[in-house]
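Just below is one structure, and these are the notes that go with it.
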Amino acid sequence: MTAFHTLDDAQVAGKRVLVRVDLNVPMDQGRVSDATRLDRILPTLRELSSKGAKVILLAHFGRPRGVDPSQSLAPIAKALAEHLGQPVGFAADCIGPQAKVAVDAMAHGDVLCLENTRFHAGEEKNDPAFVKDLAANGDLFVNDAFSAAHRAHASTEGLAHVLPAFAGRTMQAEIEALSKALEKPDHPVIAVVGGAKVSTKLDLLGNLVSKVDVLVIAGGMANTFLAAKGVHVGKSLCEHDLVGTARDILAKADAARCAIVLPVDVTVAREFKAHAENRITGIDDVRDDEMILDIGPASIKDVAARLAQAKTLVWNGPFGAFELAPFDRGTTGVAQEAGRLAKSGALLAVAGGGDTVSALNHAGVADDFTYVSTAGGAFLEWLEGKPLPGVDALRKH
Ligand code: AMP
């Protein structure tokens, strides 16, 4: 973490601190339905507030085209106040006179949320004039939104170039966990890549085979790899046009001495629905009218044994159609084993990406993992080995 300025380096008392946070939370009928992201930013907000900073929040919500009251941050600021246990003021614009009046009225330690940055086109364009307007309300910039760091927008990247910039505590924890997992990991490193389709994870697989010792390919995407090895997959989800690409990835893994792990047995059904009639079978006996919806018990055991040999785990994507019982058994079985090893200190286990977080919550082990990233796109781009502009802008120059 020495490559970044953190809150340890910042003198914040009496300063106007612009804090980029992730308030892009799921909403249901005007109410926050999952507050995980709000809870994640509390340590930074509490620290800044208790040190006497004026804490000014910047965030986007949704994909508005111009000002759109249905995408206002006002209800989220209200929910945040409840989680923070402290009032959170609100200004109806993130720049201009409304923002200035609200900021000028703040006392030390106050928290103020400015309206959705994406109400201005300059946000996504990273327009220097808009960056300047945002910076007018701050003395320092703190970025605590790793999940938005794959985008070079005004409030995620531009501000870091015009104000003294620091990583917030959540950003710091995220960068530390991710670099421990892939940049300077303890070997052997095992990666699990699951999910529906190979086509969405080609870059990720290509990067991982050159970095990890063991790559477990799971979920629907394993079917394309099984097909590439000549296995009959019946009517399973399978991208037959990508069989050649799957072979290329297998060859690349071979050259990089990365062991590829595919299912040895599977749970198959004739219908894609919860509690569909199903059976467990070896991979060489999937019938024409059957689809693979999960791995089987021998595969769970196989992956568990490999986890027991590993020191580091990176995980994205489920082993099967985990939303549909009983096709959650593979994901839950492996997740519980990984959680047990991580909790005992034997394994550094990092997981992330949309469905993965809900899969680990479903298995009841998210808290046992070393780190679970709530970032979707940014976590995947990091796994793909791509630069994250919001993180790079925080590096010490
Ligand atoms: P992704 O968004 O790529 O991470 O994929 C997650 C989705 O993949 C989940 O909704 C799972 O239900 C789905 N999935 C996982 N395994 C299978 C499978 N064998 N067949 C169909 N869908 C699957």
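Some notes on this structure:
- Over the chain, DSSP H runs of length four or greater, each weighted -39,500 (n - 2.57), average out per residue to a 222 nm ellipticity of -10000 deg cm²/dmol.
- Local electrostatic count at Ala246 - Lys and Arg +1, Asp and Glu -1, tallied over other residues with Cβ under 15 Å: 0
- Relative contact order of the chain: 15 percent, from C-alpha pairs under 8 Å at least 6 residues apart in sequence.
- Each of the peptides 38-48, 16-26, 297-307 was scored by the mean count of other Cβ atoms within 10 Å over its residues; in descending order, highest first, they stand as 16-26, 38-48, 297-307.
- Dipole of the chain computed with +1 at Lys/Arg Cβ and -1 at Asp/Glu Cβ about the Cα centre; of Gly385, Val55, Val303, farthest Cα towards the positive end is Val55.
- Descending principal axes extents, region 126-185, alpha-carbon based, whole Å: 41, 20, 14
- The chain, accessible surface, carbon-and-sulfur percent (1.4 angstrom probe): 50 percent
- Net charge dipole, the chain: roughly 620 debye, given to the nearest 20, about the Cα centre with Cβ charges of +1 for Lys and Arg and -1 for Asp and Glu.
- Ranked order, Phe61, Phe327 - accessible area, probe 1.4 Å, largest first: Phe61, Phe327
- List His120, His153, His232, His83, ordered by accessible area with a 1.4 Å probe, largest first: His232, His83, His120, His153
- Solvent-accessible surface of the chain, averaged per residue with a 1.4 angstrom probe and all protein chains in place: 42 square angstrom.
- Think of region 1-98 as a dipole: +1 on every Lys or Arg Cβ, -1 on every Asp or Glu Cβ, centred on the Cα centre; then among Ser33, Val67, Ala3, Val67 lies furthest on the positive end.
- Sorting Lys197, Lys343 by solvent-accessible area of protein heavy atoms yields Lys343, Lys197, largest first, with a 1.4 Å probe.
- Note that region 7-171 shows a convex hull volume over its alpha carbon atoms of 96 Å³ per residue.
- Placing +1 on each Lys and Arg Cβ and -1 on each Asp and Glu Cβ, with no other charges, gives region 132-290 a dipole about its Cα centre of roughly 120 debye.
- Taking Cα centre as origin and charging only the Cβ of basic (Lys, Arg, +1) and acidic (Asp, Glu, -1) residues, the dipole magnitude of region 185-383 rounds to 360 debye.
- Over the chain, volume per residue of the alpha carbon convex hull, in Å³: 144 Å³
The values are calculated or read from the model by the stated rules, or taken from the named source; none is laboratory data. Since the model is a prediction, treat every value here as computed from it, not as a measurement. All Cβ positions, glycine included, derive from the backbone under ideal geometry; neighbour counts span all protein chains shown. Heads up: the accessible areas ignore ligands, DNA and RNA and are worked out on the full protein's heavy atoms, side chains in. Shrake-Rupley method; radii C 1.70, N 1.55, O 1.52, S 1.80 Å.
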